[in-house]
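The values are calculated or read from the model by the stated rules, or taken from the named source; none is laboratory data. Bear in mind that the values here come from a model prediction, so they are computed numbers and not experimental data. Here the Cβ positions follow ideal geometry from the backbone for every residue, glycine too, while neighbour counts run over all protein chains shown.
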Amino acid sequence: MTLDEKLAQLVGFWVDQGDEVVAPMAGEMASSTRYEDATAHGLGHLTRVYGTRPVDPAERANWLWAEQRRLQTETRLGIPALVHEECLTGLAAWKAATFPTPLAWGASFDPVLVERMARAIGGSMRELGIHQGLAPVLDVIRDPRWGRVDECIAEDPYVVGTIGTAYVRGLQAEGVHATLKHFVGYSASQAGRNHAPVHVGRRELEDVLLPPFEMAVRLGNVRSVMNSYAEIDGMPVAATPEYLTGILRERWGFDGVVVSDYFAVAFLETMHAVAAGRGHAAQLALEAGIDVELPSGDAYLEPLAERVRDGRMPLDVIDRAVLRLLTEKEELGLFDANFDEAPTRIDLDGPEHRAIARELALESVVLLSNDGTLPLASPARIALIGPNADSAEALMGCYSFANHVLAHHPGTPLGFEIPTLGEALRARYPDAQVTSALGCEVEGGDVSGISAAVAAATEADVAIVVVGDRAGLFGRGTVGEGNDVESLELPGLQRRLVEEVAACGTPVVLVVLSGRPYAIGWALDGIGPDSAGKVSAVLQAFFPGEEGGTALAALLAGDDNPSGHLPVSLPRSAGAQPFSYLHPILGGPTEITSADSTPVRPFGFGLGYVGFERSDLRVAAEVPTDGTISVTVSIRNTGERAGTDLAQLYARDVVSSVTRPVAQLLGYRRVRLEPGERVDVRFDVPTSRLAFTNNRFERVVEPGTIELWAGASCDDREASGVVELTGRDRPLNGGLPELTEVTVLRGPRV
C-alpha cells in the first residue's frame, strides 16, 4: 500500500455534512474536500450515510450499494468503506424505530430486554449495509446537571456494565460492531459541563469509571471503542497512551479498533492546546492509540502525510492502525461483500420493533409517589395539562433522529407512528371528556396560559399534568449534548404551573418526561389524604420512545403495573451535586455540616400498585476471600394483583484499608409475582464483586466484615445479614470480571 492508500483507510468522509449542527463544532470543522478526491485512494469510513439528513432508506441504500461498487472497481485496492451510524435510541435514520433512551434502559434493570432491542436495531442496520454503531454510552452518571445524562444508563457501574454489555452482545449478534463511548471519564466533568476538565483520583477512575468498559471489552468482546473528549488531570484522553493503549489493550487485551470522537483529534490543537498544528495532533492521537479519525480526515490525511515525509512520524505506527482497520473490515466480510442488489423494501419500524419499544417503555416508568389516586379507574372528566402532554418530541431523547436531525428540517414528517400521551389517553378513555390546556411552554416566561389550565383542572375529576424536558443539541432544548444546566428545577415556569393547578383541589397526577432527574421534592412532600394542595401521584419517565405515550396511558389506567426503578438518585438540589449513592460516610449527611446532600428518592427506588415484602435473608457466617457468597432472601407479593419486584442485594464493607461506599449494589433481578406468591431469590456473589483499589493501588478483596441487605432501594435494609470474609488479601491479577448470578426459586403460594 502507498502512503496515500494507508492514510485513506484511517479516515472517514461525511458525504452529507452541511450547515446543520449535529456534532460538536461541525460547522467550523466542515471539510472542503470533494468526495471524489477524498476517495481516490480508497476510504476507511463513510460517516452517517443515513443519519445526517432525512433520506428515504431504500433510495439511500441504492446509492450506497453503487458507491461501494465504485470503490471496489475504481480504486486500486478495491476495498469497500465501512459505514457507521448513531444507534443510541435505535438507528438514527429517517423512518426508523425510536426506542427509550439509555437512562430508561437503566430504569428497567432488564439487560435481557435491552439485548433484544439491540438485536432488532442491529438487524435494521445490517439490512441497510451499515457495519458499525456508535453505541452504547458507558459513562457512569456523576452529575445530573450534565446534559448528556439521558445518553447514560445509571450511576452504578455494575448496572452500566451489565446492561451495556447486553447491548453490545445484541448488536454484534447481528453482525454490526458496537462502539463503546466515551472512554474514559467524560461524565465526571467539572460542574457538569460538557467538554469540561475532569478531576478524578486514580481510585475513582479504577473502581467507578473503568469497570463498565472492562466488562464490555472482556465479557462482551466489543470490537470498537471511542475516546472521550475529556482531559483528566490535564491530560487529554485522545493523546494519552496510558488509557487507550496501556489499560485498553495491554491490560484488558482489546484487539479491535479505536475511533476518535468527532473532531477529537483536531481538538488536541484547538481546545486542549497540546498540539502545534493538525499534523502534530494526528501524531499524538495515533501514538496514543486512536486508529481512525472521524468523521473526516482533517488531521490524518495531508497534515499527517507531511510529517511522515519529513521524518517526524514513524511509518510503523501508521501501519499498526491500518492493520487494525483492515482486520475489522475482514471480520465484517467487506473484502468479499457483494453489492449487486440493494434492498428495495425496507421496514425499519416493524411489529417486533414496536413490541420491544412498548415493553421497554412499560418496564422503565418509575412511580415515585401515589396516595391511592392511581390507577385511574374510569374518570369522566380529565384535564390534560402541560407542555409535554401532546408532544411527540418530548418522548424522545437527544440522539433520536427526530430531535437530532429533523429539528433542522421543519415540516418533514417523522416517518413513523409515535402517539403522544394525550392521544393515548383519549384512546384509552373514549367515553371521558378530555380538556386540554397547555399552561406554559417547556421554556420561557409566558404565564398567560396558567389560569386556563387551573380552570380546566377545577372542572375535572383528575388533572394529569405532563412536564419535563425537550431534548436537543447545544442550546436547542433543555437537555442533551451541550445542554448543561446550573439549576435542577424544572425548566421555565413548569413548577409554577404544577403548584397552581394542585392548589385548586382536584387530584393531580404529575408525569415527568425528561432526560435527567429533576429536584422535584416539592411535588413529593406531604403526599397523603390530608395534604390538600399537594400532588397526588408522580410518574417519572426518561424519554420512553415511540411507544412511551401508549405505555404511560396503560400504567395510568392500571392495565399494567409500574415496575421501573431509579437508576440515578433523585436530587435534592443542584447545590448537592455531584452526588452518588456510592459515597463514603463523609459524602452523606453529618452533624458537622448544615448542607444535606441526601436525595429525595434513593437509587433503586420504585413503587407499584402492589406491595412486596422482603424477609429471611440467609447467608453463611464465613466465606473465604476467594470464594462465593450465596445469599438467599424471600420476597412476597402482598397485594391483590400480579406485579414485578426488583430484587436488589446491597453490601457495605464495614472496615477497610481505604474508605468504601455506605452501599454497593451486588446484584439485581426483575421478579414477577402473582398475588400472595412468595419466592426465594438466591444471589451467588463472587467475592471479586467486593474488590477495590487499596492503599497501594492494588485491586484486592480484603478480609473483614460485610453487611448485606435486601430492600426496595439502596437505603432500605428490609432484610439483612452479615458475612465475614476470611483469609488474606486476595489480589485480582487480571482475571475476567465476574457477575453475580441471580436465581429465582419458585415455591407454592402462601
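Odds and ends about this structure:
- Some residue of the stretch 16-28 being modelled with pLDDT of 95 or more and part of a loop (DSSP other than H, G, I, E, B): no
- Helices (runs of 4 or more DSSP H) contained in the stretch 285-397 and holding at least 1 residues closer than 30 Å to residue 465 by Cβ: 351-364
- Summed over the stretch 181-195, the residues that are in contact with a strand residue (DSSP E or B) (Cβ under 9 Å, 6 or more places away or on another chain), part of a loop (DSSP other than H, G, I, E, B) and at pLDDT 95 or above give a count of 2.
- Residue within the stretch 160-172 that is within 19 Å of residue 295 (Cβ to Cβ), touching a Gly at 6+ places or on another chain (Cβ under 7 Å) and of a type in the set (Gly, Ala, Ser) present: no
- Extreme residue, surrounded by the fewest Cβ atoms within 10 Å (Cβ to Cβ), among residues of the stretch 250-276 that are touching an Asp or Glu at 6+ places or on another chain (Cβ under 8 Å) and over 25 Å from residue 47 (Cβ atoms): 276
- The residue list 331, 341 contains one member that is in contact with a helix residue (DSSP H, G or I) (Cβ under 9 Å, 6 or more places away or on another chain) and either free of Cβ contacts under 8 Å to residues at least 24 places away in the same chain or over 30 Å from residue 435 (Cα atoms) (or both), which is 341.
- Search result, residues across the stretch 237-266 that are farther than 23 Å from residue 733 by Cβ and among the hydrophobic types (A, V, I, L, M, F, W, C): 237, 238, 239, 257, 258, 259, 263, 264, 265, 266
- Restricting the stretch 188-215 to residues that are farther than 17 Å from residue 155 by Cα and of a type in the set (Gly, Ala, Ser), the residue that is surrounded by the fewest Cβ atoms within 10 Å (Cβ to Cβ) is 201.
- Number of the condition not met by residue 443 [criteria: (1) surrounded by fewer than 21 Cβ atoms within 10 Å (Cβ to Cβ); (2) not in a loop (DSSP other than H, G, I, E, B)]: (2)
- Exactly one residue among 684, 645 is charged (D, E, K, R) and buried (at least 20 other Cβ atoms within 10 Å of the Cβ), and that residue is 645.
- Selection within the stretch 584-611 - in a loop (DSSP other than H, G, I, E, B), buried (at least 16 other Cβ atoms within 10 Å of the Cβ) and at pLDDT 95 or above: 599, 600, 602, 603, 604, 605, 606, 608, 609, 610
- Here residue 699 meets the list (1) under 25 Å from residue 602 (Cα atoms); (2) touching an Asp or Glu at 6+ places or on another chain (Cβ under 9 Å) almost entirely, failing just condition (1).
- In the stretch 602-611 there is at least one residue matching the filter, namely being without any contact (Cβ under 8 Å) to a residue 60 or more places away in the chain, of a type outside the set (D, E, K, R) and over 30 Å from residue 143 (Cα atoms).
- When residue 237 is tested against the conditions (1) surrounded by fewer than 24 Cβ atoms within 10 Å (Cβ to Cβ); (2) among the β-branched types (Val, Ile, Thr); (3) in contact with a Phe, Trp or Tyr (Cβ under 6 Å, 6 or more places away or on another chain), the lone failure is (1).
- Residue selected from the stretch 299-322 under the condition basic (Lys, Arg) and touching a Leu at 6+ places or on another chain (Cβ under 9 Å), by the criterion surrounded by the most Cβ atoms within 10 Å (Cβ to Cβ): 320
- In the stretch 29-140, counting only helices (runs of 4 or more DSSP H) that sit wholly within it, the ones holding 1 or more residues that are of a type in the set (Lys, Arg) span 57-74, 111-127.
- Matching residues in the stretch 449-463 - criterion: being crowded, with 21+ Cβ neighbours inside 10 Å and touching a Pro at 6+ places or on another chain (Cβ under 9 Å): 460, 462, 463
- The residue list 647, 595 contains one member that is in contact (Cβ under 8 Å) with a residue 24 or more places away in the chain, at negative phi and small (Gly, Ala, Ser), which is 647.
- Taking strands (runs of 3 or more DSSP E) as the structural unit, those lying wholly within the stretch 694-750 and holding at least 1 residues that are among the hydrophobic types (A, V, I, L, M, F, W, C) and either over 30 Å from the mean Cα position of the chain (by Cα) or closer than 15 Å to residue 647 by Cβ (or both) correspond to 704-710, 719-726, 741-746.
- Of the residues screened, residue 475 is one that is in a loop (DSSP other than H, G, I, E, B), out of contact with any helix residue (DSSP H, G or I) (no Cβ under 6 Å at 6 or more places or on another chain) and at pLDDT below 95.
- Residue 178 in a strand (DSSP E or B) and either at pLDDT below 95 or of a type in the set (A, V, I, L, M, F, W, C) (or both): yes
- Taking the criterion of being part of a helix (DSSP H, G or I) and either free of Cβ contacts under 8 Å to residues at least 12 places away in the same chain or surrounded by fewer than 19 Cβ atoms within 10 Å (Cβ to Cβ) (or both), the residues of the stretch 552-583 that qualify are 557, 574, 575, 576.
- Residue in the stretch 419-431 that is hydrophobic (A, V, I, L, M, F, W, C), surrounded by 24 or more Cβ atoms within 10 Å (Cβ to Cβ), assigned by TED's automatic domain parsing to the domain that holds residue 548 and in a strand (DSSP E or B) present: no
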